[in-house]
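This report refers to the structure that appears directly beneath it.
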Amino acid sequence: MILDKQVQNDSSRQLALPYENEINLSDVVFTIFRHKKIVLSIVAVFVCVALIYVFTVKRVYQVESILLPPEFEQIQPLTALNALKVSDVRKIDADVVFSMFLRNIESRALRKEFFNKFNVLKSFSDGVEGDLSDKDVNDIFEGFSSNLNVVKSKKATGLVYLTLDGENKDKIGVWLDDFVELVNKKTVEQLRNNLKAEVQLEIRNIKVEIKSKKEIYKRRRQDKLSILQENYLIAEKLGIVEHLFVPRVSNKPKEIIQKELENISKRLSNTDNLSEYMKGTKILEAEIKTLSNPISEFHIHGLRDLQEKLRKFEQSLNIDEVKLAAVVIDKRGVEKVEPIFPKRKLVVLLSLIIGGMFGVFSVFFLEFLSKIQSRINDSSSIDSAKLEGN
């Protein structure tokens with residue numbers, strides 16, 4: 001009888017198994033509540049580990065500087081060549097200056113110069129830089145350079161964000177601002193030197209052209225003087241004192257003198273290769289005496305225009321460097337220092353979530369092991385009963 005009852009119980013339990021595998025929400029909540037101490041203990045462990053981590057690991061901070069193209073007033077002295085309309089020189093405007101600034105801010109050489117000049121290595125090496133090898137120093141520099149990032153805004157044209165990450169909360173903002181200032185000075189210096197080089201080249205070219213004009217004029221004047229001297233000798237030998245075609249001043253009526261001049265004009269226009277000696281020694285002597293005087297630059301064609309242009313270029317070299325700037329700093333790095341790693345609140349929140357999930361999983365795993373153990377025990381008792389019945 002006992003054996004029959006146990007068999008009946010076992011068969012009824014087997015029939016009920018499919019229904020026992022169905023998930024009931026109230027059973028889940030009850031199971032979790034029944035083992036709440038396990039869940040809370042696991043959550044507490046996760047939270048404690050998270051708190052230990054966030055308060056022991058070194059924090060990384062980030063500073064940000066917002067940069068804009070320079071105003072016209074800040075680059076106006078550099079636009080001297082634009083006003084002089086030099087065709088071979090690229091026009092200088094805010095975009096050109098700002099693009100050069102951004103190129104310099106990406107320059108590895110300038111970053112290395114800043115790294116050495118502002119003794120950044122000392123802050124990274126905790127004052128033991130003397131014991132570091134060249135490779136270690138280079139690795140530290142590469143890490144510093146990789147943390148210095150330039151991001152161009154996709155929404156606003158010309159808006160650039162410059163960020164620097166680092167563990168030294170008190171210095172990274174100062175470093176970022178000093179680096180921007182260094183790049184600004186270097187960019188202005190390069191632009192100024194380029195401008196001066198271009199202006200000086202134009203000045204040299206103008207001076208060469210002026211010198212050439214003076215030399216050519218002097219040679220032509222000397223050539224003309226030589227021709228006059230030769231013609232003077234010819235006129236002197238021929239005994240020509242007065243101009244052969246120009247009448248002497250006399251008391252003739254104006255009408256007669258006018259008619260004579262018209263006749264002379266017609267004869268001169270119909271005469272080819274009229275020799276200079278026909279002017280007579282009197283006129284030739286006056287011309288020779290005039291040409292023998294010091295050269296007057298007034299007669300050199302285009303000389304005054306070149307001298308005026310030269311003066312403008314020389315004046316353009318007087319650059320007022322006080323207000324020169326290649327960038328407008330809309331926001332400085334020292335204004336706001338933000339921690340970016342680790343995110344303490346986020347890490348603690350994740351530890352709560354993950355700890356809770358792991359706690360719930362542990363509870364159900366323990367329940368699963370408990371059910372398996374109870375089934376094994378029930379099976380063992382049934383087998384024992386069968387053996388006793390036999």
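The values are calculated or read from the model by the stated rules, or taken from the named source; none is laboratory data. All figures in this text were calculated on a predicted structure; none of them were measured in a lab. Cβ: placed from backbone, ideal geometry, glycine included. Neighbour counts: every protein chain shown.
Per the conditions (1) modelled with pLDDT of 85 or more; (2) part of a helix (DSSP H, G or I), the sole criterion not satisfied by Leu195 is (1).
The number of residues in segment 324-336 being in a loop (DSSP other than H, G, I, E, B) and either touching a helix residue (DSSP H, G or I) at 6+ places or on another chain (Cβ under 6 Å) or in the same structural domain as Lys218 (by TED's automatic domain parsing) (or both) comes to 5. Of the residues making up segment 183-224, those that are surrounded by 15 or more Cβ atoms within 10 Å (Cβ to Cβ), among the aliphatic types (A, V, I, L, M) and closer than 17 Å to Ile295 by Cβ number 1.
Residues are listed down the side, and each one gets a yes or a no for (1) under 28 Å from Asp320 (Cβ atoms); (2) more than 21 Å from the chain's Cα centre (by Cα):
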{"site": "Arg103", "(1), (2)": "yes, no"}
{"site": "Glu106", "(1), (2)": "no, no"}
{"site": "Glu113", "(1), (2)": "yes, no"}
{"site": "Phe124", "(1), (2)": "no, yes"}
{"site": "Asn147", "(1), (2)": "no, no"}
{"site": "Leu164", "(1), (2)": "no, no"}
{"site": "Asn168", "(1), (2)": "no, yes"}
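Residues checked against (1) over 30 Å from Gln307 (Cβ atoms); (2) assigned by TED's automatic domain parsing to the domain that holds Glu113; (3) at pLDDT 90 or above; (4) in a helix (DSSP H, G or I):
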position	(1), (2), (3), (4)
Gly143	yes, yes, yes, yes
Val150	yes, yes, yes, no
Lys155	yes, yes, no, no
Trp175	yes, yes, yes, yes
Phe179	yes, yes, yes, yes
Arg219	no, no, yes, yes
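Within the set Gln315, Gln307, the sole residue that is part of a helix (DSSP H, G or I), at pLDDT below 85 and more than 18 Å from Arg220 (Cβ to Cβ) turns out to be Gln315. If the condition is being modelled with pLDDT of 85 or more, crowded, with 16+ Cβ neighbours inside 10 Å and polar (S, T, N, Q), then segment 65-112 contributes Ser65, Gln74, Asn104. For segment 136-180, the candidate set comprises residues that are hydroxyl-bearing (Ser, Thr, Tyr) and touching a residue at least 24 places away in the same chain (Cβ under 8 Å); within that set, the residue that is farthest from Val96 (Cα to Cα) is Ser145. For segment 290-304, the set of residues classified as in a loop (DSSP other than H, G, I, E, B) and either in contact with a Pro (Cβ under 9 Å, 6 or more places away or on another chain) or small (Gly, Ala, Ser) (or both) consists of Ser296, Gly302, listed by residue number.
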